[in-house]
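Read the structure below first, then the notes.
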Amino acid sequence: MKSTNQSSKVKYIGYLAVFALAIAFPYISPNRYYLTVVTLGFIYAIAVYGLNLIVGYLGQLSLAQAGFFGMGAYTSGLLSLKLGLSFWLSLPIAAASTTLLALLVGLISFRTRGHYFVILTLCIGVIIHLVIEKWDSLTGGVRGLIGIPIPTSIGPISFKSLESQYYLVLAFLLLTIFVMSRIASSLVGRTFKSIRNSEELAATLGINVMKSKLLAFGIAAFFTGIAGALFSSYIRFLGPEIASTHLTFEFLLFLLIGGQATIAGPLVGTLLASGITESLQFMQEYRMVVFGALLIVIVKFFPGGLVGATKSLKAKLEKRVNQGKKSGTNLPSKGESHAAKNRGFN
């Protein structure tokens, strides 16, 4: 019990340290460019958390996430540009519309299984990308949307500076992490895991498999839509490439690097991959080659991702320590062994 309490204290201290670092980052960052990179990493991490809910907890590989990301971004951008709505109105509308589309897609796609489901979601993502690219009168086509307004002020709080936008994105990221951690530890999360392990067994236990799948798909799309809306207001320019399948595979790469079905995995994987991307700017054409080699190493030696590998290593160390303590308690003390020898001579 004592070791468990100490482990919990260490965990909370670690969380507080990470939180303090996130708060202080704009002031300790070497330059504003790194602040922009980290802010974009946080936005992508929100979308990866949605993908983690489907891939990690539900056990379904969806390749439509970039399409949902693009829809959330374009919906928010169009509402702000063409209808003059504020960010605080366009964001929930973008998240809700993305969720509605995901539920309609899920009603069709979840009637298939295995690679058929993967192919169908890939096709949905491609369709969304083509609609954005070809509907020139609405989306601007290949020209995209330019001049998307920044979030309007909340009372005295303005979002004109990079630092204020960083904290805005950080707030949404913390909210996403909180919601995902609550889902993972709840009955709903355990239901998702049971479907991942065996759909047939989950159905025999009385779980409505289709309803649970749609719920996970809708929640994932909701947060992906939020990430898209944040992206549009931060970058202030949108092009069709943000809905391409290339971005979907990047999200999947971030998740695999960090670790599926973990709370820290999406954030760790996204920030690490973003850092590697920025350090490889001089060899941009061969960036995916490096990522491919990294992915092979992770899948081969760390199938649970970096966070999963850390948890596995921690469990092994704790097991060895506990075994050492148990073996140590079974050894007789020096006084006991000396008394045993005397009894033997008598």
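For the chain, the Kirkwood hydrodynamic radius from C-alpha pairs, put into Stokes-Einstein at 25 °C and a viscosity of 0.890 mPa s, yields a diffusion coefficient of 110 µm² per second.
For the stretch 69-80, backbone phi angles converted through the Karplus equation (6.51, -1.76, 1.60; θ = phi - 60°) give residue-by-residue couplings of 4, x, 5, x, 5, 5, 4, 5, x, 5, 5, 6 Hz, Gly and Pro being listed as x.
How would you order 131-139, 258-266, 232-240 from highest to lowest mean count of nearby Cβ atoms within 10 Å?
Working: 131-139: 15.4, 258-266: 24.3, 232-240: 20.9.
The most tightly packed comes first, giving 258-266, 232-240, 131-139.
Tell me the angle of helix 187-197 to the major Cα principal axis of the chain, expressed in degrees between 0 and 90 and rounded to the nearest ten. The angle comes out at about 90 degrees.
For LYS9, the lysines whose Cα falls under 18 Å of its own Cα, not counting residues fewer than eight places away in the same chain, are LYS311, LYS314. Evaluating 6.51 cos²θ - 1.76 cosθ + 1.60 at θ = phi - 60° for every residue in the stretch 264-276, the Karplus couplings come out as 7, x, x, 6, 4, x, 5, 5, 5, 5, 5, x, 5 Hz, glycine and proline recorded as x. Relative to the dominant Cα principal axis of the chain, helix 162-184 is inclined by about 60°. Only helical runs count toward this figure. For the chain, summing -39,500 (n - 2.57) over DSSP H runs of n ≥ 4 and dividing by all residues gives -25500 deg cm²/dmol at 222 nm. Neighbours of THR310, meaning other residues whose beta-carbon lies under 14 angstrom from its beta-carbon, give a summed charge of +3 when Lys and Arg score +1 and Asp and Glu score -1.
With the simple spin-label model, which puts each label point 7 Å out from Cα in the Cβ direction, the ARG287 to GLU241 separation comes to 0.9 nm. With the simple model of a label 7 Å out from the Cα in the direction of the Cβ, ILE276 to ILE108 spans 3.5 nm.
For the stretch 231-319, the normalised intensity computed at q = 0.23 Å⁻¹ comes to -1.19 (log10 of I(q)/I(0), Debye sum over alpha carbons, equal scatterers, no solvent). Taking 0.36 nm per residue of sequence separation and removing the Cα-Cα distance, the TRP88/ALA171 pair yields an extension gain of 28.5 nm. Taking the longest Cα principal axis of the chain as reference, the axis of helix 32-52 is set at about 80 degrees.
Summing Lys, Arg as +1 and Asp, Glu as -1, what charge do residues with Cβ under 14 Å from the Cβ of THR139 carry, THR139 excluded?
On the way: positive: LYS82, LYS134, ARG143; negative: GLU133, ASP136, GLU241.
Its environment carries a net charge of 0.
Solvent exposure of the chain, expressed per residue, is 54 Å² of accessible area, with all protein chains present and a 1.4 angstrom probe.
Would you mind telling me the share, in percent, of accessible area of the chain contributed by carbon and sulfur at probe 1.4 angstrom?
Working: 12730 of 18530 Å².
Roughly 69 percent, rounded to a whole number.
When restricted to Cα atoms, the stretch 1-79 yields an Rg and a Dmax of 17.9, 56 Å, respectively. Alpha-carbon geometry of the stretch 97-167: the Rg and the Dmax are 18.3, 52 Å, given in that order.
The values are calculated or read from the model by the stated rules, or taken from the named source; none is laboratory data. In this text, all values refer to a predicted model and were calculated from it rather than measured experimentally. We place every Cβ from the backbone using ideal geometry, glycine too, and count neighbours over all the protein chains shown. With ligands, DNA and RNA removed, areas are computed over all heavy atoms of the protein, side chains included. Shrake-Rupley method; radii C 1.70, N 1.55, O 1.52, S 1.80 Å.
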